[in-house]
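Report on one structure; see the data block that follows.
The values are calculated or read from the model by the stated rules, or taken from the named source; none is laboratory data. Computed from a predicted structure; not experimentally measured. Heads up, the Cβs are rebuilt from the backbone with ideal geometry, glycines too, and the neighbour counts pull from every protein chain shown. These accessible areas exclude ligands, DNA and RNA; they are computed on the full protein's heavy atoms, side chains included. Shrake-Rupley method; radii C 1.70, N 1.55, O 1.52, S 1.80 Å.
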Amino acid sequence: MRSRLLFALAALSASTAFGEWKPPADPNPSAILQEAVADRTARRYEDALAKHVWFHEHALEYEQAQYGVRLSFALAYWAELGKVYSPAQKKLEEIRDETEKKVLANPTESAPFHDLTALNKTLQDEIRTRETFEAVEAKDAVAARTLYDRAQPALVKTKAYKLCGKYIDGPRDFKAAQKSLEEGLQLAKDPRFGPSLESHYRNAFRNKVTTLVALLVVNERKDEAETVAKSARAASDDTVLSKQLDLALEGKVPPPWP
């Protein structure tokens, strides 16, 4: 019993000894995020949480380039902290709940909804994204249409295929996916990025197009689906894409990527 008590006290000390972290006068978001990860490893859990919260709430004020990192790697690191320090998990859920309220209060702003989709993905709670999107749709159909692209991965994961069918358009969405691929491949020619970026855009294109085709099929728009599939095959000799299109034409909706 005494040994258990000593262990508990040691763990508590490790997590609270450095709980007074404050951001420096001239904060560097990247450095603070790296410190948060290091703090988790060193069991300085309160410091790590404080830095994650700061990064999420303030990083873009200092470095707009952190937009993608803030909603991907940073949240993933935060979730890892939550596995060993329950207050971090609770805080992550609280921020998700606050963000959801912001979306419902003003659904015409896309940034809070983007945050919400990333938070729910991190929390593996995509049904909350679907429910919020449905609430927005009931309140403001125009706003729902502008938010659909962000909502689609969660809607697909929760198998809300009929809801997706209200917002997809074969020719329009295929052209958008093709344009994104072309721009990505052009960017990948830069030696600073190279093959890894090209692979990213090709995988994104495959997922967008096959998801579109499969959603059209399950919404009984087979002719439109076949037209999109034909256009995709004509635009690319990608054998992987061709095989995936065969499955999509059977109505097999691929999981969201990445």
Within region 145-174, work out how many residues are of a type in the set (A, V, I, L, M) and outside any helix (DSSP H, G or I). 2
Residues satisfying the stated conditions in region 234-247, i.e. part of a helix (DSSP H, G or I) and either farther than 19 Å from residue 203 by Cβ or open to solvent by less than 90 Å² (accessible area, probe 1.4 Å) (or both): 234, 235, 240, 241, 242, 244, 245, 246, 247
In region 75-85, is there at least one residue being in contact (Cβ under 8 Å) with a residue 60 or more places away in the chain and either among the hydroxyl-bearing types (Ser, Thr, Tyr) or in contact with a helix residue (DSSP H, G or I) (Cβ under 9 Å, 6 or more places away or on another chain) (or both)? yes
Within region 70-102, the residues that are polar (S, T, N, Q), surrounded by 14 or more Cβ atoms within 10 Å (Cβ to Cβ) and either over 14 Å from the mean Cα position of the chain (by Cα) or in a helix (DSSP H, G or I) (or both) are 89, 99
Subset of region 208-220 (residues that are assigned to a loop (DSSP other than H, G, I, E, B) and either at pLDDT below 95 or open to solvent by less than 60 Å² (accessible area, probe 1.4 Å) (or both)): 219
Restricting attention to region 181-195, does a residue exist that is more than 19 Å from residue 108 (Cβ to Cβ) and touching a Leu at 6+ places or on another chain (Cβ under 6 Å)? yes
For region 133-159, which residues satisfy the criterion of being surrounded by 14 or more Cβ atoms within 10 Å (Cβ to Cβ) and basic (Lys, Arg)? 150, 157
Options 81, 116, 104, 92: the member that is in contact with a Gly (Cβ under 7 Å, 6 or more places away or on another chain) and modelled with pLDDT of 95 or more: 92
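Residue by residue, here is whether (1) at positive phi; (2) of a type in the set (A, V, I, L, M, F, W, C) holds:
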site	(1), (2)
20	no, no
28	no, no
35	no, no
40	no, no
43	yes, no
57	no, no
62	no, no
65	no, yes
70	no, no
Which of the residues belonging to region 103-127 are open to solvent by 70 Å² or more (accessible area, probe 1.4 Å) and free of Cβ contacts under 8 Å to residues at least 12 places away in the same chain? 105, 109, 124
